[in-house]
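Q: Mind having a look at this structure? Questions to follow.
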Amino acid sequence: MVQTDLSQLSAECNSWRNALRSNRDEINQYKLHLLNVVTKQLSKNQLQDVEHYHNQFHIQLINVHDLKQEVKVHERRVHFELFANNSQLSESTLSMHEELYYRYQFLDETLHSLHTSFFNFLSVSN
């Protein structure tokens, strides 16, 4: 068992969840931009790009939702363990926290790449 600072872990979890909510809202805005694009005359390649981005937005919304839920469950586990084990967390819980952090970072990088790619597509399509 490892003694840790609940406020730090909770703050990290809250920060991740808030960022994921913001990511979800951004992706929904991207979907609206995509709808504006499809009202124009598009080439076959552009239509394929539209389909690609539509699929990516759907997939990434699922990824954001799933990770946000996992962070929420993890935070509940942290609170439970700290209450049940005299303010100590198991190594597995700390490892899970680290794993969630890495997954959050990876998703953030993926979304940033998608953002860049999509706005390059928009600039060419306009």
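The values are calculated or read from the model by the stated rules, or taken from the named source; none is laboratory data. Keep in mind that this is a model prediction, so the values were computed, not measured. Ideal geometry is used to build each Cβ from the backbone, glycine not excepted, and the neighbour counts take in all protein chains shown.
Q: Could you look through segment 1-18, keep only residues that are at pLDDT below 95, among the hydroxyl-bearing types (S, T, Y) and in a helix (DSSP H, G or I), and pick out the one that is farthest from Y101 (Cα to Cα)?
A: Filtering first and then ranking leaves S7.
Q: Within the bounds of segment 19-36, is there any residue that is acidic (D, E), over 10 Å from the mean Cα position of the chain (by Cα), part of a helix (DSSP H, G or I) and surrounded by fewer than 17 Cβ atoms within 10 Å (Cβ to Cβ)?
A: Yes, because at least one residue in segment 19-36 is acidic (D, E), over 10 Å from the mean Cα position of the chain (by Cα), part of a helix (DSSP H, G or I) and surrounded by fewer than 17 Cβ atoms within 10 Å (Cβ to Cβ).
Q: Could you identify the single residue in K40, K31 that is modelled with pLDDT of 95 or more and among the basic types (K, R)?
A: That would be K31, the only listed residue that is modelled with pLDDT of 95 or more and among the basic types (K, R).
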